[in-house]
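**Q** What follows is a structure written as structure tokens; I'll ask about it next.
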Amino acid sequence: MQDQPQVTVPNQLSRNNFRTTARVIGVLYLAGMVVGIGGNLLIQSILGAPDPLSAVAARTVMLAIGAVLWLSTVAGDAAHGVLMFPVLKRHSELAALGYFGARIIDATFIAVMALLI
């Protein structure tokens, strides 16, 4: 019994943990893309009208829903950076911090753009 190799369970657990994280990130990415495109279609249908000022006045609720959809996409963008940090940190901490910062800056720009509508 003493000569039997021991199995490292934490290594297998960490692989499953990163696999679960990757699936969550993938679902978040796809959901954010669908929600963002939906919000963009709502906003562009109003702002692309022949008379945008009257279209905005007539469809304020639709414009607000489009802006809220864009803002929910911002939460998903920020979550990408947070969730990918431990995965990327295993390879390079500098790359992990760079990706995290880039996603936060991206989310900030999209949020400001949605709020200016």
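**Q** Take the residues in the range 79-117 that are open to solvent by 90 Å² or more (accessible area, probe 1.4 Å) and among the basic types (Lys, Arg); name whichever of them is modelled with the lowest pLDDT.
**A** Only one residue fits best here, namely Arg90.
**Q** Right, here's the next one. Return the residues of the range 1-33 that are under 14 Å from Arg90 (Cβ atoms), open to solvent by 100 Å² or more (accessible area, probe 1.4 Å) and at pLDDT below 80; say none if nothing qualifies.
**A** Listed by number, the list holds a single entry, Arg15.
**Q** Any residue in the range 79-105 that is free of Cβ contacts under 8 Å to residues at least 60 places away in the same chain sitting within a Cβ distance under 9 Å of a residue that is open to solvent by 50 Å² or more (accessible area, probe 1.4 Å) and outside any helix (DSSP H, G or I)? List the pairs, counting only those 6 or more apart or interchain.
**A** Note: pairs meeting the criteria are Ala96/Arg90.
The values are calculated or read from the model by the stated rules, or taken from the named source; none is laboratory data. Bear in mind that the values here come from a model prediction, so they are computed numbers and not experimental data. Don't worry about glycine lacking a Cβ; one is built from the backbone with ideal geometry, like all the others, and counts go over all protein chains shown. All accessible areas refer to the heavy atoms of the entire protein, side chains included, with ligands and DNA or RNA removed. Shrake-Rupley method; radii C 1.70, N 1.55, O 1.52, S 1.80 Å.
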